[in-house]
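Only one structure is covered here, and it is reproduced in the block below.
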Amino acid sequence: MDAAVLWFRRDLRLGDHPALAAAAERSHRVVALFVLDEVLLRPAGAPRRGFLARCLRALDHDLGGRLLVVRGDPARVVPSVAARVGARSVHVSADTGPYGRERDAAVERALAEAGVEFDRTGSPYAVTPGRVVNAQGEPYQMFSAFYRAWLNRGWREPATSDPSEVDWFDPSEVDVERAAVAEPPADGLPAAGERAALRQWETFLDERIDHYDRDRDRPDLAGTSRLSAALHWGCVHPRTLLHDLAAHSGSGAAAFRAELAWREFFADVLWHRSEVARRNYDRRYDHYQHDTGEDADARFTAWASGRTGYPLIDAGMRQLLAEGWMHNRVRMVVASFLVKDLHLPWWRGARHFLRHLVDADLASNQMNWQWVAGSGTDAAPYFRVFNPTTQAERFDPNGDYVRRWVPELRAVPGKRAHTPWLLPAGPPTGYPPPIVDHAEERRVALGRFSALKAVA
Ligand code: FAD
């Protein structure tokens, strides 16, 4: 029987793994390969690289030390590994992102020259992007319609994939230069790998799913699953989560299912229009007037370093730098602040997020940014400008979240921490006054939006 290569990418697990099942069906002798591709990792900062390193170590452990990690261009590395072991097929979960599609086409061409088959089975989504279409065969542009069609279409049950059926190559048997997986930093990162993700999911189902719809907007509570990084790297597949959710009937489970659907919707949008990773989905926004120059750069720096004088914004941006994660409600508010209060383009903020988020995901990140900016599909209407103070008072009612991340405000009790400029002595030492006046900047943003309508 021929050998096969199972090339892991965003599917760093062994359970519910259709590509693993396909490789095992094809061959008893399989190489488990991961390629460290600098092109893909270039935008990633230390936390994201650290999390990936932990996922790879966990996968290697679960494979009994059989994960072969090689650095380089996949179009060169994958055919070379296949040739060294005499593989007739390379198995992957489909990558539907813009870079992944191009890369895979190049790998497929190179393999075809050597007569090796490139086999895509499954994807990181319950329903592979591109498959949910309307009666005319077109993609949906509104989430609500996509969501209905996605639910109606349904998804497969989790796949049976048994790694013990396979005789994995020992990496030392493959004559290629192996890459060392960097030692991840000791702390500050979420637990990584399949087992950790499944444990986290079980705890969430036991303790939080029933209140998820109520608590998910509260950054001061641990109300969400924090599975985004694990979902991005495929330590757990959304189909596994959807399968388990079916046993929970409440509104919490329904709300969680809808959030998973947002992830699928944005991947679908990017699959159909890959250019929206960089450009406005709604091209009218190409005419929107952004601020540029030194002042604008200084405002960006204040935002990115958590020194705007608006506590909720600063808490979120500091949480991002410290933990590589930020609560969804806070992501929306800081994104709105960058675009509508500081008049800076969404892609500057999106790039900063991609660098620092452990869960950085091109589809979810760019499309959420565009949603907030107003330029995306299904976007929040432009006139909905988040007020950073009322949002803080509503979703962090006692000020606990901002005090956790902004130590300068630790002595300010209750929700007064949200308005330090109103304290009798002004903001505490070391904490800046607001860099802009929200009400004034809101007027400016709405004025520029009206100019945009005139263009349209
Ligand atoms: P939970 O509330 O437990 O949700 C469960 C899962 O559903 C998440 O893990 C995620 O996979 C998915 N999900 C939830 N909300 C969304 C959403 N709005 N859009 C798409 N999927 C969602 N999410 C990323 O995974 N990567 C990103 O790079 C990213 N960038 C974002 C940028 C902005 C400006 C905004 C507003 C949101 C962004 N999100 C991103 C979506 C969301 O904030 C995170 O998925 C969520 O905060 C992750 O925490 P959690 O796993 O505890 O979420």
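Report yes if residue 198 is touching a helix residue (DSSP H, G or I) at 6+ places or on another chain (Cβ under 7 Å) and assigned to a helix (DSSP H, G or I), otherwise no. So residue 198 fails the test. Residues that are touching a Lys or Arg at 6+ places or on another chain (Cβ under 9 Å) and either part of a helix (DSSP H, G or I) or under 29 Å from residue 382 (Cα atoms) (or both) within the range 408-437 comprise 409, 417, 422, 432, 435, 436, listed in sequence order. For the range 323-376, filtered to residues that are touching an Asp or Glu at 6+ places or on another chain (Cβ under 6 Å) and away from the ligand (no atom under 11 Å from the Cβ), the residue that is nearest to residue 313 (Cα to Cα) is 341. Count of the range 22-49 residues, restricted to those that are within 25 Å of the chain's Cα centre (by Cα) and buried (at least 21 other Cβ atoms within 10 Å of the Cβ), is 6. All conditions but one from (1) surrounded by 21 or more Cβ atoms within 10 Å (Cβ to Cβ); (2) more than 15 Å from the ligand (Cβ to nearest atom); (3) of a type in the set (Gly, Ala, Ser) apply to residue 261; the one that does not is (2).
Return yes or no: is residue 212 more than 17 Å from the chain's Cα centre (by Cα), of a type in the set (Ser, Thr, Tyr) and modelled with pLDDT under 95?
No: the conditions fail for residue 212.
Residues considered: 249, 225. Of these, the only one that is farther than 18 Å from residue 8 by Cα, within 9 Å of the ligand (Cβ to nearest atom), small (Gly, Ala, Ser) and part of a loop (DSSP other than H, G, I, E, B) is 225. Taken together, the residues in the range 135-182 that are farther than 22 Å from residue 242 by Cβ and not acidic (Asp, Glu) amount to 18. Quick one: is residue 417 closer than 19 Å to residue 300 by Cα and surrounded by 15 or more Cβ atoms within 10 Å (Cβ to Cβ)? So residue 417 does not fit the description; no. Filtering the range 64-89 to residues that are more than 22 Å from residue 104 (Cα to Cα) and crowded, with 18+ Cβ neighbours inside 10 Å leaves only 66.
When you scan the range 333-348, do you find a residue that is farther than 21 Å from residue 390 by Cβ, part of a helix (DSSP H, G or I), touching a residue at least 24 places away in the same chain (Cβ under 8 Å) and among the basic types (Lys, Arg), even just one? Within the range 333-348 (the criterion being farther than 21 Å from residue 390 by Cβ, part of a helix (DSSP H, G or I), touching a residue at least 24 places away in the same chain (Cβ under 8 Å) and among the basic types (Lys, Arg)), the answer is yes, since at least one residue qualifies.
The values are calculated or read from the model by the stated rules, or taken from the named source; none is laboratory data. Please read all numbers here as calculations on a predicted model, not as lab measurements. Cβ coordinates were reconstructed from backbone atoms using ideal geometry, including for glycine residues, and neighbour counts include every protein chain displayed.
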